Amino acid sequence: MSTPSTPSTPSTPQTTSPSDAPCIVMPSAVAITRAAEQLAAGELVAFPTETVYGLGGDAENPAAVASIYAAKGRPANHPVIVHFSPEGDPGYWSDDVTPAARKLMDAFWPGPLTLILKRAPHIPDAVSGGQDSVGLRVPSHPVSQALLREFARVKGGQGGVAGPSANRFGQVSPTAAQHVRDEFAGLPGVTVHVLDGGEAAVGIESTIVDLSRGFPALLRPGHITPEQIAEALGEMPRLPGQDSNAPRASGTLKAHYAPRTPLYLCDAGQFAAALAMHPVGERVAVVAFAPTLATLPADIAASTDIVKLVLPATPAGLATDLYAMLRRLDRANVTHILFERLPDTPAWAAVGDRLGRAAAAFERA
C-alpha cells in the first residue's frame, strides 16, 4: 500500500502573509525541481493554486492522466484542465486561439479563469474526456508558477500539467496541503506527492468560459464574474441554463463538492422548526448568517446538541473558507448539516453554485 509523500521543503519555509489573504508557503528550489521531475516521470504531484489544490500529472502523458482519473475515481469522459506557466504558448494546446480568447487571457491571466478552446490534434484527448476541446489555465499562485516553469524546463517543451482538484471525485475540494494528504492517505496503489504552498486564497474553483463554438459561454461560475467577462469581450457570455449543448466541463455535474456528512439547505425562517424536530442527543450543525442565528429560540440556541457556525458576511469570505468549513464539519461528529440558503444575487452566484451542488448529493428521491 502506498501513502502520500511530500517533496523536501526548507526547515523554515519562507512565507508572505498579506493581511487580506491566507499565508503563502514557498518551498525550496530543490523541492520544486523534485516535484517537476516526479511529474516528468509520470507520477502525480498535488500542487497549490490560488483557487484549490490540483492533482497534477503530465498533460501529454496519457498514462499519467489515467493515473489522475484512477486516483480520483473520476469518470473517463469528464475532462480535466491543463495548467501552464505565464511564458507558455496557448497555441501549442489549441489550434484556434481566437481574438476573444486573447482578450480574456490579457485581462485575467494569470488568474482563476479557465478557457475552453479547440484542442490541437497532437494533444491527447485523455485530458478532454474524448472531446475536441481542451481547458486551459495559467494560475497566479507563485508556487504553481514556479513548478510549471521548472516542469517546462525539465521536459524541454511546453510543460502542461493536467490538474483537477486534488480530492476524490465529487467530494470537497482541498484548499490546504493537509486536506490532500487526508484525502488520499491509505488508498491502495495510490501515491500522491504533495507540494505545500500554504492555503488557497480564492477557495473555489476557476471560472470556466467556453470559446470553442464561436460564442462565449459561462460553464462554471467563479471568482471572475460574467460582468467582468462581458466588459473584456464587449458581450455577455451565455449563462448556465441558457446553453443546452455546452461541452462537458470540470465541476458541472449536478451533485459535486459534497462533504461526507449529509448537507441540506434551509431558508432563514426554517431553522427553528427543523431543529425542534430533531431527536434529543442527536448533534446537528447549523451554519447560518449571524442575524439568523440570533433569531433562534433560546432553548434551541443553548442546546449542546447544536453546533453553530456563523457564515462570513461576504461572498469572498465564504468562498475562501467554504471547503475547509465542510471538512471541519465532517470531523465534528454531527449527523447532518443545516446550511442557510445564500442570497440569490450575482455576487453570491459562484459560492452558491458550489453549495447547491454539495446539497444535491443528498437530495431525497
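The values are calculated or read from the model by the stated rules, or taken from the named source; none is laboratory data. Everything numeric in this text was worked out from a predicted model, so none of it was measured. Quick reminder, even Gly has a Cβ in these numbers, built from the backbone with ideal geometry, and neighbours come from all protein chains shown. When the accessible area is computed, the model is the full protein with side chains, heavy atoms only, and any ligands, DNA or RNA have been set aside. Shrake-Rupley method; radii C 1.70, N 1.55, O 1.52, S 1.80 Å.
Give all pairs with beta carbons closer than 8 Å in which a residue from the stretch 137-154 that is within 12 Å of F47 (Cα to Cα) and assigned to a loop (DSSP other than H, G, I, E, B) meets a residue that is open to solvent by 50 Å² or more (accessible area, probe 1.4 Å) and not hydroxyl-bearing (S, T, Y); count only pairs at least 6 apart in sequence or on separate chains.
P139/P110
In the stretch 222-233, which residues are in contact with a Phe, Trp or Tyr (Cβ under 9 Å, 6 or more places away or on another chain) and either in a loop (DSSP other than H, G, I, E, B) or within 13 Å of A350 (Cα to Cα) (or both)?
The one that is in contact with a Phe, Trp or Tyr (Cβ under 9 Å, 6 or more places away or on another chain) and either in a loop (DSSP other than H, G, I, E, B) or within 13 Å of A350 (Cα to Cα) (or both): I224.
Based on this model, can you work out whether R354 counts as under 14 Å from V172 (Cβ atoms) and not β-branched (V, I, T)?
So R354 fits the description; yes.
Out of all the residues in the stretch 299-316, which are open to solvent by less than 80 Å² (accessible area, probe 1.4 Å) and modelled with pLDDT under 95?
Once the filter is applied, which keeps residues that are open to solvent by less than 80 Å² (accessible area, probe 1.4 Å) and modelled with pLDDT under 95, the stretch 299-316 yields I300, A301, A302, S303, D305, I306, V307.
For the stretch 103-136, enumerate the residues that are open to solvent by less than 40 Å² (accessible area, probe 1.4 Å), touching a residue at least 40 places away in the same chain (Cβ under 8 Å) and assigned to a helix (DSSP H, G or I).
L104, F108, A126, V127, S128
Taking the residues in the stretch 1-50 that are in contact with a Pro (Cβ under 7 Å, 6 or more places away or on another chain) and of a type in the set (V, I, T) as candidates, determine which candidate is modelled with the lowest pLDDT.
Only one residue fits best here, namely T9.
Filter the stretch 256-278 down to the residues that are among the hydroxyl-bearing types (S, T, Y) and buried (at least 17 other Cβ atoms within 10 Å of the Cβ), then identify the one that is modelled with the lowest pLDDT.
Checking each candidate, the answer is Y257.
Please report, ordered by residue number, the helices (runs of 4 or more DSSP H) entirely within the stretch 275-365 with at least 2 residues that are under 26 Å from the mean Cα position of the chain (by Cα).
Of the helices (runs of 4 or more DSSP H) lying wholly inside the stretch 275-365, those with at least 2 residues that are under 26 Å from the mean Cα position of the chain (by Cα) span 315-330, 349-360.
Within the stretch 137-151, can you find the residues that are open to solvent by 10 Å² or more (accessible area, probe 1.4 Å) and among the small types (G, A, S)?
S140, A146
For G170, only one of the following conditions fails: (1) modelled with pLDDT of 95 or more; (2) in contact with a strand residue (DSSP E or B) (Cβ under 7 Å, 6 or more places away or on another chain); (3) surrounded by fewer than 24 Cβ atoms within 10 Å (Cβ to Cβ). What is its number?
Of (1) modelled with pLDDT of 95 or more; (2) in contact with a strand residue (DSSP E or B) (Cβ under 7 Å, 6 or more places away or on another chain); (3) surrounded by fewer than 24 Cβ atoms within 10 Å (Cβ to Cβ), only one is false for G170: (1).
Quick one: in the stretch 183-192, which of the residues that are within 18 Å of the chain's Cα centre (by Cα) and touching a residue at least 24 places away in the same chain (Cβ under 8 Å) is surrounded by the most Cβ atoms within 10 Å (Cβ to Cβ)?
V192
Restricting the search to the stretch 213-255, which residues are on the phi > 0 side of the Ramachandran plot and at pLDDT below 95?
Those that are on the phi > 0 side of the Ramachandran plot and at pLDDT below 95: G214, G241, G251.
Only one of L253, L219 is surrounded by 15 or more Cβ atoms within 10 Å (Cβ to Cβ) and assigned to a loop (DSSP other than H, G, I, E, B); which? Walk me through it before giving the result.
Numbers: L219 fails: assigned to a loop (DSSP other than H, G, I, E, B).
Going through L253, L219 in turn, just one is surrounded by 15 or more Cβ atoms within 10 Å (Cβ to Cβ) and assigned to a loop (DSSP other than H, G, I, E, B): L253.
Within the group P48, P90, which residue is without any contact (Cβ under 8 Å) to a residue 60 or more places away in the chain, closer than 19 Å to E150 by Cα and not hydrophobic (A, V, I, L, M, F, W, C)?
P90
I need a count of the residues in the stretch 90-102 that are closer than 24 Å to L195 by Cβ and part of a loop (DSSP other than H, G, I, E, B).
0
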